[in-house]
Amino acid sequence: MATSSISKSLLTNVLSVYFVLTLIVTSVQVVGEYYDTKNMLVQELHNQQSTFSHSLARSLWEYNTPQIEAIADGLINIPAIAGLVIRDDTGRIVSQLGRTPPLRAFPTISADSYELPERDGVFGYHSKLVFEFSGDSTQVGDVTLYTTRDIAIQRIKVSLYFIIGSAIVKSTFLIMLFSVAFHRMLNRPMRDLISQIQNFRLDDLEHSKLHIRSLRNTEFLLLERAYNQLVENLKEYQEDLDRAQKQLLHVNQKLDEQNGILEQEVARKTSNLSRVLVDLERQKNDLELRQDTLENEIRQRRIIETDLREINTRLQESLSALERTQDQLIESEKMASLGGLVAGITHDVNTPIGISVTAATYIRDQLTEAEEALNKKALTQAQLTKVFKLSKESLDLLESNLARASDLISSFKQVAVDQTSEVVREINIKEYLNGVIQTLNPRLKPFKPRIMIECPDDIEIRCPAGAFAQIFTNLIINSLIHGFENKQDGEINITIERNDDKLVIVYRDNGKGLTQQQLDQLFDPFFTTKVQQGGSGLGTHIIRNLVTQTLNGTVEAESEPGQGLTYRMTLAVTFI
């Protein structure tokens, strides 16, 4: 049997613990250096953003694209900056340089500026750009500066070499020190002890005692005394054993004679009794086994019957709950779509209203200056002419932006009323569809799809307008989210025509399309290609319900991967 050295095992255990502690401490130091350097990089991004924010905000306010590009080139040449994205107040990218992952890959925070956590080796700093004009602050866009893990590691490379080198030198010195100490204090006395023990002879116990020369090792001295005492005890036990063996031989002879007589008598009496007992035990075991089997079967049948009743009751309750939940989810999906329209319209309305407020404030300032000059009798004809000219320009700007806001609100108000009710009314198909698309403009801006409508101007029908709006809202939103993902040249074609007493609608996009397996499940409730990414899986299910139940029509879908998605709907409506 192979044995291992005590000193080697002890040395291995001690050094293993030391290596683990050294590795942990070194790892903590490396991680600390990395996160400290990462915080310094984020602070540098913050300082650079603070330095250039005023000039960048003014350039965005003045639409000075060359100045914006010059500032972006200056920022990207800074070693700590690996990439940057500059956007205007509508979210349109004005300048994008370097390594720039999508901002939506990071969590969104409502603060004016915040640090972007590390994602795929990239982190950075995001800040809104605000321009002050006539005492008012207006957000004109935002800027996002990115840096990478490689830049942080490059900065701490020298520190890493020093930390790792120091750990290696200390570990090497400790190994040498422990090896020498263990050899002198343990290995050498242990070899002497093993050599003397190997010379042990049971027939010469006196010369088998230990005599360790190095008595400075107290533990080895105790071991020598204990071993020599054991040898003395063995000598006494040998003498006692010889005497006991002689007595045992004499007694065993007498016991053998008595055992022979008793064995014969016992064998004769127990032979018959053993056969009877074996038969009775076998019959008893058979009866007990049959009784247990019957009891188990009865018990199992009762348990199964009870479980089946409970399962049947729970299934009926679950079916009712699922039906109620499905109705609630469909209604929630409709309200969520309307909520998205509200958020988008609010953003689009805020822009013209903000411009109108700025123009009104500017007119008030001009009139105040003119009034002060008039009171001081210093008002000149040129100054008055300038006031009239600037006021007229501001009023034109105010009028056009208020008209734009009014159109947006009117269009949204009608669509919102339709989507929250099932009122039947008369609509012009083409005009109503344009109104629905106008309310979706905030959702369309990031994707910039081309939407082309082929529909006669004179098709007017009487139908639940809300169902019509909900169908096209869900179709367009599905194309944006699922079809045009990472696609900037999206195209949507809507063809509407009358075929006798039916309204035929063909909706087609050039998105990424669906596989045959996905197409087979397209109208199933809760099926979505965006699993765990916010998709509810109810959009197309609601479309089918509205087409087949509310509008008494049919809907079919065709698609291939990379060839877009086509819906063909035939609706039974009342033409006017």
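Would you pick out the residues in region 448-477 that are over 25 Å from Gly511 (Cα atoms) and not charged (D, E, K, R)?
Pro456, Ile459, Ile461, Cys463, Pro464, Ala465, Gly466
Identify the residue in region 124-164 that is in contact with a helix residue (DSSP H, G or I) (Cβ under 8 Å, 6 or more places away or on another chain) and of a type in the set (S, T, N, Q) and, among all such residues, is surrounded by the most Cβ atoms within 10 Å (Cβ to Cβ).
Thr147
Of the residues that make up region 448-470, is at least one in contact with a Leu (Cβ under 9 Å, 6 or more places away or on another chain), farther than 25 Å from Thr574 by Cβ and of a type outside the set (Gly, Ala, Ser)?
yes
Quick one: Phe523 ticks every box in (1) open to solvent by 70 Å² or more (accessible area, probe 1.4 Å); (2) in contact (Cβ under 8 Å) with a residue 24 or more places away in the chain; (3) farther than 17 Å from Gly562 by Cα bar one, so which box is it?
(1)
If you go through region 68-79, how many residues are in contact (Cβ under 8 Å) with a residue 40 or more places away in the chain, surrounded by fewer than 18 Cβ atoms within 10 Å (Cβ to Cβ) and aliphatic (A, V, I, L, M)?
Total meeting the criteria: 0.
Tally time: how many residues in region 219-254 are open to solvent by 90 Å² or more (accessible area, probe 1.4 Å) and over 25 Å from Leu193 (Cα atoms)?
11
Among the residues of region 370-382, which ones are assigned to a helix (DSSP H, G or I) and exposed (fewer than 14 other Cβ atoms within 10 Å of the Cβ)? Steps first, answer last, please.
Kept after step one, since they are assigned to a helix (DSSP H, G or I), are these residues of region 370-382: 370-375, 381-382.
Result: Glu371, Glu372, Leu374, Asn375, Gln381, Ala382.
Can you give me the ranges of the helices (runs of 4 or more DSSP H) entirely in region 437-555 with at least 2 residues that are within 20 Å of Val424 (Cβ to Cβ) and modelled with pLDDT under 90?
Details: elements: 441-444, 465-478, 516-520, 539-545.
Fully inside region 437-555 and qualifying: 465-478, 539-545.
Are there any pairs, at least 6 apart or on different chains, whose C-beta atoms fall under 6 Å, with the first in region 44-67 and assigned to a helix (DSSP H, G or I) and the second open to solvent by 60 Å² or more (accessible area, probe 1.4 Å), and if so, which?
Correct list of pairs: Ser59/Gln67.
What's the number of the only condition in (1) buried (at least 19 other Cβ atoms within 10 Å of the Cβ); (2) more than 20 Å from Ser127 (Cβ to Cβ); (3) hydroxyl-bearing (Ser, Thr, Tyr) that Ser59 fails to meet?
Answer for Ser59: the failing condition is (2).
Any idea which of Arg119, Arg104 is open to solvent by 80 Å² or more (accessible area, probe 1.4 Å) and at pLDDT 80 or above?
Going through Arg119, Arg104 in turn, just one is open to solvent by 80 Å² or more (accessible area, probe 1.4 Å) and at pLDDT 80 or above: Arg119.
The values are calculated or read from the model by the stated rules, or taken from the named source; none is laboratory data. What you are looking at is a predicted structure, and each value in this text was computed from that prediction instead of being measured. Glycine also receives a Cβ, built like all others from the backbone with ideal geometry; neighbour counts cover every protein chain displayed. These accessible areas exclude ligands, DNA and RNA; they are computed on the full protein's heavy atoms, side chains included. Shrake-Rupley method; radii C 1.70, N 1.55, O 1.52, S 1.80 Å.
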